[in-house]
1. Please report, to two decimal places, log10 I(q)/I(0) for the range B:103-238 at q = 0.09, 0.14, 0.19 Å⁻¹ as given by the Debye formula with identical point scatterers on the Cα atoms and no solvent.
2. Between B:K129 and A:A50, take the C-beta separation as r, use R0 = 25 Å, and let me know the FRET efficiency to the nearest 0.05.
3. For B:P311, place a label point 7 Å out from Cα along the Cα→Cβ vector, do the same in each other copy, and report the separations in nm, one decimal, smallest first.
4. On C-alpha positions alone, give me the angle between the axis of helix B:289-308 and the longest principal axis of chain B, in degrees, nearest 10.
5. Considering the options B:L186, B:G168, B:V199, tell which one lies farthest towards the positive end of the dipole of the range B:141-263, charges being +1 on Lys and Arg and -1 on Asp and Glu at the Cβ, about the Cα centre.
6. Under the rule a/c < 1.5 gives rounded, and otherwise a/b versus b/c splits prolate from oblate, where does the range B:17-77 land using the Cα gyration tensor?
7. With the contact rule set at Cα under 8 Å and sequence spacing of 6 or more, what percent relative contact order holds for chain B?
8. Can you tell me the FRET efficiency between B:E209 and B:K257 if r is taken as the Cβ-Cβ distance and R0 is 25 Å, rounded to the nearest 0.05?
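Quick note: the coordinates plus some simple rules give every number you see, no bench work behind them. Note that the structure is a prediction, hence the values are computed from the model and not measured. Don't worry about glycine lacking a Cβ; one is built from the backbone with ideal geometry, like all the others, and counts go over all protein chains shown.
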Amino acid sequence: MLTLPRVSWQHRHLLGLEDLSAAELTAVLDMAEHFTHDADPPRKKRNHLAGKVIVNLFFEPSTRTRMSFALAARRLGAEVLDFSPSGSSTSKGETFIDTAKNIEAMGIDLVVVRHSATGAPHLLSQHLKASVVNAGDGAHEHPTQGLLDIFTIRQTRRLEGLTVGLVGDIAHSRVARSNIHGLTKLGAKVIVCGPPTLVPARIAELGVEVSHDLDAILPRCDVINMLRIQFERQRSGLFPSITEYARLFGLNSERLKVARPDLLLLAPGPINRGVEITPEVADGPHSAILRQVTNGLAVRMAVLYLLCGQPEG
Amino acid sequence: MLTLPRVSWQHRHLLGLEDLSAAELTAVLDMAEHFTHDADPPRKKRNHLAGKVIVNLFFEPSTRTRMSFALAARRLGAEVLDFSPSGSSTSKGETFIDTAKNIEAMGIDLVVVRHSATGAPHLLSQHLKASVVNAGDGAHEHPTQGLLDIFTIRQTRRLEGLTVGLVGDIAHSRVARSNIHGLTKLGAKVIVCGPPTLVPARIAELGVEVSHDLDAILPRCDVINMLRIQFERQRSGLFPSITEYARLFGLNSERLKVARPDLLLLAPGPINRGVEITPEVADGPHSAILRQVTNGLAVRMAVLYLLCGQPEG
Amino acid sequence: MLTLPRVSWQHRHLLGLEDLSAAELTAVLDMAEHFTHDADPPRKKRNHLAGKVIVNLFFEPSTRTRMSFALAARRLGAEVLDFSPSGSSTSKGETFIDTAKNIEAMGIDLVVVRHSATGAPHLLSQHLKASVVNAGDGAHEHPTQGLLDIFTIRQTRRLEGLTVGLVGDIAHSRVARSNIHGLTKLGAKVIVCGPPTLVPARIAELGVEVSHDLDAILPRCDVINMLRIQFERQRSGLFPSITEYARLFGLNSERLKVARPDLLLLAPGPINRGVEITPEVADGPHSAILRQVTNGLAVRMAVLYLLCGQPEG
């Protein structure tokens, strides 16, 4: 087995970046670095989680996050099972907690959960002996997405003193909240930017600057993270039209002219081409979009390893 | 490879507990004991089914049974594939048997099948060279559920002379039928109890006592197995209301006062909290509900091992 | 690791049999022979694809093809992930190419893709660094089905000079097109036969004979490949009725009387019993239908091995 450094880690669950200290955030990011090359061939096969069983408990549709966790778990030697609510006991009237406890009773070590209800992973963590990883709960947090965004920034920038713009639907974005908690703890300055209807007034209490004018903040940003407009989740009436939104808050070549030459562009995806980002920008030199996906694997390996693979003692 | 005792076993399929002798039932239960600790960490990785391929062929929705079989198979070193009828050839007009024979032709050793039609697994067993395990067919049998119920009882009780009450919708319950066959063969007395509309008249021919009054039989029972009311399967009109059903046949703290102090409570799940069982009883000291789930893994490992993992000779 | 012969192979993708030379077709078929026995117990476990990750990217429903690729990949030691479009990013507005590039960014080596749009695999191959295998694109090609049909013929016949009849819906059949390209390159004569509405006029340009009279060509055929009538895909009005179709183009015992005694019968499945083929013929001595399925595993192992498992140099 390949040796890994032993890091101090006290948590049994990863529910949100709000719960982690700067030192703990750094510990996860450092551990992820050890796994970075595992995504490239020749891949190392590790056995740190041999004999462990991990369940993907996704109550909301997902491709990349579910697959990323599955690959991360297998890369560490764990068994992975997928639970999808269609065709399941929940359709027979069973409660969310009972479903999870029954799955746990089969000998599961860690549950990765995505749920439309804020706090669902916290509820699970109170009822299970297994570890719980939040893979997105409502508009609350999506900690591994936050970690992989920060990891991607940290690959080429120093976080201390960096200015990061989060652009788009801040109100409904769990990715925004995880980024805000993680980035501010690690010393970066965060500016949230979107239409007034999509930026909650009290978000400033989290220590961020609030803007409604992308052109005004773009020249000050080292990094821009373009959140997706969640057509399927958004109640109508929060912005006048897609075209209007794209004109005011979309990133295109014209707008990029006022940005710093070394601007780093992130987007959690899936992106709506021509809405948040035009194709030539998404595929252009600033974009780290696909690198984020690759880094997601390393970050999730680090999280799984710290929660249930690190030897005791 | 960890050594296991060699037991006498002649069956190629497990279609129902009606087909097994008392000695054969005991052989499965004894084998399951060897696998009991495999559900707990540190888990043993076994290779008894290395190179074997098992298919979960579920024509009815299922979470726990499908996952339990998948985990049991992997714990023994087998490959597991899931077949789900949606997105499959059956939607293109292929017959049930042709679908199964085509899957078998890919080199499959054992098929775990759940189907709404009574006898579907028997039909398969006549057409396939692979082993067939019935994971529930209509209102007929669900032998591994029966085995795990009996296994859970046997962990703390002697079956000979024990009185077991099966409560609820006996008419539509494959779990009831498997319990009746298995328990009576092993020397237990079975009382079936439910509203007259949900207890078929001829069930007494299977050697069980019939009751329609839970309060009357509860004091005589060592074990109560609370079957679930299958809202989704039941034709309307078989009982007046959920509230009325819960009042007459639900298990609650008040009713438990007339039960034996050491009453063992089973429920095959998923349970409808507040209908068959109130939450404080489901989570109370009598309940073995989650232990049943854990035992299910060991029982299914035993079944898979006996059907296709035991060395010849 | 079991040693395999090194064959000359230049392709990174398998998009269609139209792209392969006779020598390359023979190389795949020869390699498949080495894997033939792997479908039967005792199965050899191979590690030629250890550390590789393969994704099944199926935008159309499939049972056998998806499972066959999954089993083939695992038999060679690869990890396999299933992507199904329901519950995925495509429902959130992501483009087909972005979905694939995101999956690839997780460290995927090979993508098996099925799509209703002709050319979708070619499009993918232009955008991905990973290998792409076409598992069926519109009415264009389904190369591994073509290979397994040809492999099954070659097990008992010499292809050079053989006469093969492709019967049914030629116009909408990707299986027909792959058979035509593969068989004609390997020296067989192909006769396509179906109602005029289901046989495109320009198909003769591919070097095949065209017929609309099964009884007329049957005595001349060494092999008959009965394509399925794709009820779900066909626009109405292309043939008068199922009964009429079965009478004119279905294979039954009566019609077989004019066939050669050693006629080999193939059908890509899933078959509509009583339409293309009557049950007694499908299960009769001429039929190689289930052997085709078994061979599919060996052929897909060969394809995966040649595309991403063969050592460099």
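1. Result of the Debye calculation: -0.30, -0.68, -1.08.
2. Approximately 0.15, to the nearest 0.05.
3. 3.4, 3.4
4. Result, in degrees: 30.
5. Positive-most Cα among the choices belongs to B:L186.
6. Because a/c hits 1.5 or more and a/b fails to exceed b/c, the range B:17-77 counts as oblate.
7. Numbers: 581 pairs, mean separation 65.9, N = 313.
Over chain B, the number comes to 21 percent.
8. After rounding, the FRET efficiency stands at 0.65.
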